[in-house]
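**Q** Sharing a structure with you now.
Derivation of every value follows stated rules applied to the coordinates shown; laboratory data play no part. Just so you know, these numbers come straight off a predicted model, no measurement behind them. As a convention, Cβ positions derive from the backbone with ideal geometry for all residues, glycine included, and neighbour counts pool all protein chains shown.
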Amino acid sequence: MTTLPGGCDSVRPELPALAADALEPAEAAPLRAHLEVCAACRAEYAAYLEALSGLAEEVAAEPPPSVRRRLVAAAQADAAGPARRRERLLLLGFAAALVLAIFSLAQGFALRQQLDRLQRWATDEYELWDFVLSPNLVVRPLRGTEAAPEAYGRLLFIPGRQRAALVVNRLPPLEGGRVYQAWLRRDGERISLGTFQTDESGRARLFFRLPPDFDTYQEMGVTIEPGGGSAGPGGVRVLVGSLKGGSD
């Protein structure tokens, strides 16, 4: 079934690291080869992958208002300290729980460079929740085009802040070194927000700085471009959304 010494017993301890993208390509290759021929390990890997990527799915689908209200209320409950400090304490508590979850996943396999990648993953999750927990969060939906009808995304930003996040789902991974590139459009002008690639489940998030005149842009889109990105959008457009939505 596999050329790996130890068979499934040697593969299963590495599956959490593989799901978290915490292995080098040379380490991941024999594991992926094993998954192609082993249904049991493939099912276990899928469970890890779903657990790790579930948060992005929930955020892209937009959290229920009741959940956001409870989280924000918890951050504002203690009137003794500044509001921002209370929000930070709540976020730090979430980050601590996240770190504990990461270390529980790390048990049983060699750390090597895995912890560095897991730390970057945790930092992204922390920043994403920093947006979600804000009572001033604005969400703009992006819909899939004919080229990617199953795809969808959400632009998350907070008025007055320079940082924003794009969370996408159901965009298939690209081959041949190509990348997805995000754009803002204002009349005939377009500016790049950066490039990204999706994981095996079609999920990704991109953090970027908003231009000072962000409120003058009308639309956001995502196209497929050559590796490294393009000076202007020239590839197939897969996501598009208006920036002039109603109240959120």
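**Q** To the nearest 20 Debye, how big is the dipole of region 127-180 about its Cα centre, given +1 on the beta carbon of each Lys and Arg and -1 on that of each Asp and Glu?
**A** On the way: 7 positive and 5 negative charges, 36 e Å.
My answer is approximately 180 debye.
**Q** Going by a ≥ b ≥ c, the root eigenvalues of the Cα gyration tensor, does region 138-242 fall in the rounded group (a/c under 1.5), the prolate group (a/b larger than b/c) or the oblate group?
**A** Numbers: a/c = 1.62, a/b = 1.38, b/c = 1.17.
Taking the square roots of the gyration eigenvalues as a ≥ b ≥ c, region 138-242 is prolate.
**Q** Using r as the Cβ-Cβ distance of Phe214 and Ala46, and R0 as 35 Å, what FRET efficiency do you calculate, to the nearest 0.05?
**A** Numbers: r = 39 Å, r/R0 = 1.10.
Step by step, r from the Cβ atoms, then E = 0.35.
**Q** Order by neighbour count: Ser201, Ser230, fewest other Cβ atoms within 10 Å first, most last.
**A** On the way: Ser201 19, Ser230 16.
Result, fewest neighbours first: Ser230, Ser201.
**Q** Which trypsin sites (Lys or Arg not before Pro) in region 155-248 sit in a loop by DSSP (not H, G, I, E or B) and have at most 11 other Cβ atoms within 10 Å of their own Cβ?
**A** Numbers: sites: Arg161, Arg163, Arg170, Arg178, Arg185, Arg186, Arg190, Arg203, Arg205, Arg209, Arg237, Lys244; in loops: Arg161, Arg170, Arg178, Arg203, Lys244.
Listed in order of number, the matching sites are Lys244.
**Q** Can you tell me the FRET efficiency between Leu174 and Glu146 if r is taken as the Cβ-Cβ distance and R0 is 30 Å, rounded to the nearest 0.05?
**A** On the way: r = 18 Å, r/R0 = 0.58.
In this case the efficiency is close to 0.95.
**Q** Let me ask something else. Need the full-extension length gain, Ser230 to Glu24, defined as separation in residues times 0.36 nm minus the C-alpha distance. One decimal, nm.
**A** Length difference between fully extended and current span is 71.4 nm.
**Q** Ok, one more. Give the peptides 140-148, 9-17 in descending order of average Cβ contacts within 10 Å, highest first. If you can, show how the numbers build up before the last one.
**A** On the way: 140-148: 16.7, 9-17: 18.9.
Per-residue mean Cβ counts within 10 Å order the peptides as 9-17, 140-148.
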